[in-house]
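K.L.:
Can you keep this structure in mind? I'll have questions shortly.
Nothing in this text is a laboratory measurement; each read-out follows from the coordinates by a stated rule. In this text the structure is predicted, and so the values were computed from the model without any measurement. Every residue, glycine among them, receives a Cβ derived from its backbone with ideal geometry; neighbour counts consider all protein chains shown.
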Amino acid sequence: MAIVSYWENELPPMTPVREARLRALAELPDDDIDCSDIPEITDFSGFMTVKEFEAYRAAKRRQAATV
């Protein structure tokens with residue numbers, strides 16, 4: 001499956017078929033979603049807290065502004 005990405009202002013118009021599919025997914029109970037092919041995350045040591053991420057992002061922006 002190919003990955004498709006858009007900028008927020010470039011999203012294609014919502015079709016009635018796509019809207020119906022999204023509504024059906026939104027109404028699906030969590031217990032009916034099959035996640036058996038997704039491994040459970042048990043090691044969170046590589047994750048950042050929100051504060052760490054915000055500091056990282058701010059540093060990257062400062063670095064990009066000086067280049």
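K.L.:
If you go through the stretch 4-23, how many residues are of a type in the set (A, V, I, L, M) and assigned to a loop (DSSP other than H, G, I, E, B)?
P.N.:
Count: 3.
K.L.:
Give me a count of the residues in the stretch 24-52 that are loosely packed, with under 10 Cβ neighbours inside 10 Å and either among the acidic types (Asp, Glu) or not in a loop (DSSP other than H, G, I, E, B) (or both).
P.N.:
13
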